[in-house]
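Enquirer: Here it is, the structure in full.
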């Protein structure tokens, strides 16, 4: 049975991804800061803060003991804060960078070690259209995802020798908790900047992830795929 | 449960890890490693990818055998005047220090 590690599985896109791969018969290893929201014989949950280095190392060790190799890592966990830069506290900046950048890095580092002997090892990171669209009010969130894109491109080169591909998917806004509190006028203006002006759906993200992790995609690495026609 | 190993036990684990790596990477110079075998830098025969694999293998083996979660490529290793990855002896010492910390 293939094993996929997905961060941030308690809700939103992460939960949809977990349910999708469980339905396909995969073993899913999920994590979130809180308790699990998925009950399934092939689902294993870890309550972990993705930016806590010691906790991530412990999780990886336990995954190795319980499951051996890992085939796929999806670095979905992320937080956002919609604020004008002049109104953004330093603590918020640190928190976003810790979860989005440090968390993604730590999971790549620890789980790539468990993917070295997998047949088609894949890492998919998560970015956002807020970065290429330079969205006002999302300076720190977009900057953190720009860092994730750099990590993706460089790790793609560094991990190529291990046969691991590293790519990133950049969803448009999806109606999840991440964008609650943003006015409908702002969201409409944002959607208008996409080639296809609609909200994304979890299925759109799943489709892009499926593409990156299929066996035939072993010649595709270091790529960032934005949804909705954003370039 | 953490089992504090002796320096000899750690060196044995490191030597075995190097031997298995040498098989995987077809490294003739490390087929029969010993305490003085050079690993990385200077006269070492490992390239960076082989070193990455060795570090991951040893971290795994330490976890399995001694129940300790260690990270070999930490700040201490990066800033050390003498790299812990020079030879089997320096690497064994680095492993022992991290198990005990």
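Enquirer: Look at the stretch A:20-37 and say how many of its residues are over 18 Å from residue A:101 (Cα atoms) and buried (at least 17 other Cβ atoms within 10 Å of the Cβ).
Expert: Here the count works out to 9.
Enquirer: Looking at the stretch A:44-58, which of the residues that are within 11 Å of chain B (Cβ to nearest Cβ) and in contact (Cβ under 8 Å) with a residue 12 or more places away in the chain is surrounded by the fewest Cβ atoms within 10 Å (Cβ to Cβ)?
Expert: Selected residue: A:53.
Enquirer: Could you tell me how many of the residues in the stretch B:1-18 are surrounded by 14 or more Cβ atoms within 10 Å (Cβ to Cβ) and either outside any helix (DSSP H, G or I) or touching a helix residue (DSSP H, G or I) at 6+ places or on another chain (Cβ under 7 Å) (or both)?
Expert: Residues that pass the stated criteria total 8.
Enquirer: Among the residues of the stretch A:64-90, count how many are more than 18 Å from the chain's Cα centre (by Cα) and either in contact (Cβ under 8 Å) with a residue 60 or more places away in the chain or not in a helix (DSSP H, G or I) (or both).
Expert: Residues meeting the conditions: 8.
Enquirer: Going through the stretch B:29-55 one residue at a time, which ones are free of Cβ contacts under 8 Å to residues at least 12 places away in the same chain and either within 14 Å of residue A:113 (Cα to Cα) or within 14 Å of chain A (Cβ to nearest Cβ) (or both)?
Expert: Answer for the stretch B:29-55, where residues must be free of Cβ contacts under 8 Å to residues at least 12 places away in the same chain and either within 14 Å of residue A:113 (Cα to Cα) or within 14 Å of chain A (Cβ to nearest Cβ) (or both): B:47, B:48, B:49, B:52.
Enquirer: Further question on the same structure: Any idea which residue in the stretch A:95-126 is surrounded by the most Cβ atoms within 10 Å (Cβ to Cβ), counting only those that are away from chain B (no Cβ under 14 Å) and in a loop (DSSP other than H, G, I, E, B)?
Expert: In this case the residue turns out to be A:120.
Enquirer: Could you please give the count of residues in the stretch B:56-96 that are surrounded by fewer than 20 Cβ atoms within 10 Å (Cβ to Cβ), within 12 Å of chain A (Cβ to nearest Cβ) and out of contact with any helix residue (DSSP H, G or I) (no Cβ under 7 Å at 6 or more places or on another chain)?
Expert: 4
Enquirer: Check whether at least one residue in the stretch B:75-85 is more than 21 Å from residue A:111 (Cα to Cα) and within 11 Å of the chain's Cα centre (by Cα), and report yes or no.
Expert: yes
Enquirer: Going through the stretch A:161-181 one residue at a time, which ones are out of contact with any helix residue (DSSP H, G or I) (no Cβ under 9 Å at 6 or more places or on another chain) and surrounded by 14 or more Cβ atoms within 10 Å (Cβ to Cβ)?
Expert: Within the stretch A:161-181, A:163 is the sole residue that qualifies.
Enquirer: Scan the stretch A:59-94 residue by residue and report those that are within 14 Å of chain B (Cβ to nearest Cβ) and within 23 Å of residue A:126 (Cα to Cα).
Expert: Residues satisfying the conditions are A:59, A:60, A:63, A:69, A:70.
Enquirer: Quick one: residue B:99 ticks every box in (1) under 21 Å from residue A:53 (Cβ atoms); (2) touching a residue at least 40 places away in the same chain (Cβ under 8 Å); (3) away from chain A (no Cβ under 14 Å) bar one, so which box is it?
Expert: Here residue B:99 meets the rest and fails (3).
Enquirer: Counting just the residues of the stretch A:137-162 that are at pLDDT below 95 and either part of a loop (DSSP other than H, G, I, E, B) or touching a strand residue (DSSP E or B) at 6+ places or on another chain (Cβ under 6 Å) (or both), which one comes out farthest from residue A:124 (Cα to Cα)?
Expert: Of everything passing the filter in the stretch A:137-162, A:137 is farthest from residue A:124 (Cα to Cα).
Enquirer: Which one of these is within 26 Å of residue A:157 (Cβ to Cβ) and loosely packed, with under 15 Cβ neighbours inside 10 Å: B:100, B:41?
Expert: When all the criteria are applied, what remains is B:41.
Enquirer: Just the residues that are outside any loop (DSSP other than H, G, I, E, B), farther than 23 Å from residue B:9 by Cα and in contact with a helix residue (DSSP H, G or I) (Cβ under 8 Å, 6 or more places away or on another chain), please, taken from the stretch B:30-49.
Expert: Across the stretch B:30-49, the qualifying residue is only B:49.
Enquirer: Scanning for something touching a residue at least 60 places away in the same chain (Cβ under 8 Å) and either over 25 Å from residue A:205 (Cα atoms) or away from chain B (no Cβ under 14 Å) (or both), does the stretch A:19-33 turn up at least one residue?
Expert: yes
The values are calculated or read from the model by the stated rules, or taken from the named source; none is laboratory data. This structure is a prediction, so every number in the text was calculated from the model and none was measured. Using ideal geometry, Cβ is built from the backbone for each residue, glycine included, and neighbour counts are taken over all protein chains shown.
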